[in-house]
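Remarks on the structure that follows.
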Amino acid sequence: MNCFFINLEKATERRAKLEANFNAIKKPNWTLSRFAAIDTEYVRKNEIRGVTSPGEKGCFLSHKILIGENLGRDDPMFIVEDDAVFGYRTCTLVDAILKQNKDLDWDILFTDVCIPNLHKMVDLLQYRRELSAKRIEIAFMGLGKMGFAGSTAYIVNGKSKKKLYDLLEAATSLDLPYDLYLRALSHASALNVYSLFPFVTSLSDFSEDSQIQAGEGDRPDLAWNMFRKMVWVERNLQKCKAGLEPVKSRLSDTDKSPFSSLFSAADEELNAFGVLFSWVGANAAVLEAQRGLRVLR
């Protein structure tokens, strides 16, 4: 598998961290190459059109140009941003599931994705536990109509590179961030988009749990990132629980009441997710996920 990571010239610490991580876990026939990210100076100098920010435009162009540079190769390419982290089993699990699903029609396969919806988070916890009970390590999860975000880590099917590149090239005005543009293409059935689940990559310590500081409990992106780490196949549940402690101490009884069954369960996984879901629910004022909790009691 040919892996590529997108990295700004100034982000030397991120580069070193990711390269060290990959070198520690890589398997034979897995390689990692750096792609110099398009920066905001390039965006401004070239007067790139669109309503997104210069940083978002640079991200979009980085992914597009990287894919365009690899159109001559018919093998899949694994693209990651420099805050991704590979697990010790990432290579093995990806190789195995791609081999087992040779006939599946897919264009993009995410290995980690953001799910910014409480009800869907509850559903996915249920799904993770069901897969575990059946001793199924990894499954394909269709993202065709699902709300998702993030472009931290994904694989482009070798036969789909030109198709994807042409769709990106068609965006002459960059009015959506890259990840949301991919989501729009998925929802319009222009691309067949899936994710591996549980996730086989995650977020590095550049988006670590220690970011949850006093006064930041109302930032939904921190909660969404924590969910990604907690459903990772190689998660460290104790570390996640420690990261949730600052949030737990600020939750009111009202915040926790929709998820009381999780707090009272004799299961540390459910206890931890009770904190996470209460945090998300308190921020978004979304209580409809209660109807999905009966399957976890």
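Bear in mind these aren't lab numbers, they're just calculated from the coordinates by the rules spelled out. From a predicted model like this one, the values you see are computed outputs, not experimental measurements. Because the Cβ atoms are built from the backbone with ideal geometry, glycine has one as well, and the counts that use them run over all protein chains shown.
For the reader, a short list of remarks on this structure follows.
- Assigned charges on the beta-carbon of Lys, Arg, Asp, Glu; the chain dipole about Cα centre (debye): 580
- Region 2-203: antiparallel DSSP beta bridges as a percent of all, rounded to 5: 55
- Residues Trp279, Trp224, sorted so that the one with the fewest Cβ neighbours within 10 Å comes first: Trp224, Trp279
- C-alpha long axis of helix 178-187 to longest principal axis of the chain, angle in °: 80
- Mean Cβ count within 10 Å, highest first, over the residues of peptides 159-166, 145-152: 145-152, 159-166
- From phi via Karplus (6.51, -1.76, 1.60), per-residue ³J(HN,Hα) for region 107-118 in Hz, x at Gly/Pro: 9, 10, 10, 6, 9, 6, 8, 8, 10, x, 8, 4
- Taking 0.36 nm per residue of separation and subtracting the current Cα-Cα distance, fully stretching the chain between Ala265 and Lys134 would add 45.0 nm.
- Point-to-point label distance, Leu237-Asp166, nm (Cα→Cβ direction, 7 Å offset): 4.8
- A helix-only calculation puts the chain at -13000 deg cm²/dmol for mean residue ellipticity at 222 nm, using -39500 (n - 2.57) for each DSSP H run of at least four residues, averaged over all residues.
- Highest mean first, the peptides 46-55, 255-264 sorted by other C-beta atoms within 10 Å per residue fall in the order 255-264, 46-55.
- Built amide H within the under 5 Å cut-off of Phe110, gap 5+: Ile155, Tyr194, Ser195, Leu196
- Whole-Hz ³J(HN,Hα) from phi, Karplus 6.51 cos²θ - 1.76 cosθ + 1.60, for region 199-205, glycine and proline x: 5, 10, 10, 8, 9, 7, 6
- Cβ-based exposure ranking for Tyr154, Tyr181, Tyr194, in which fewest neighbours within 10 Å come first: Tyr181, Tyr194, Tyr154
- Set Lys10/Lys102; Lys10/Lys161; Lys45/Lys162; Lys57/Lys229 screened for pairs whose C-alpha atoms are more than 32 Å apart: Lys10/Lys102
- 5 angstrom amide H check on Cys3, placed H, neighbours 5+ away: Thr31, Leu32, Ser33, Phe78
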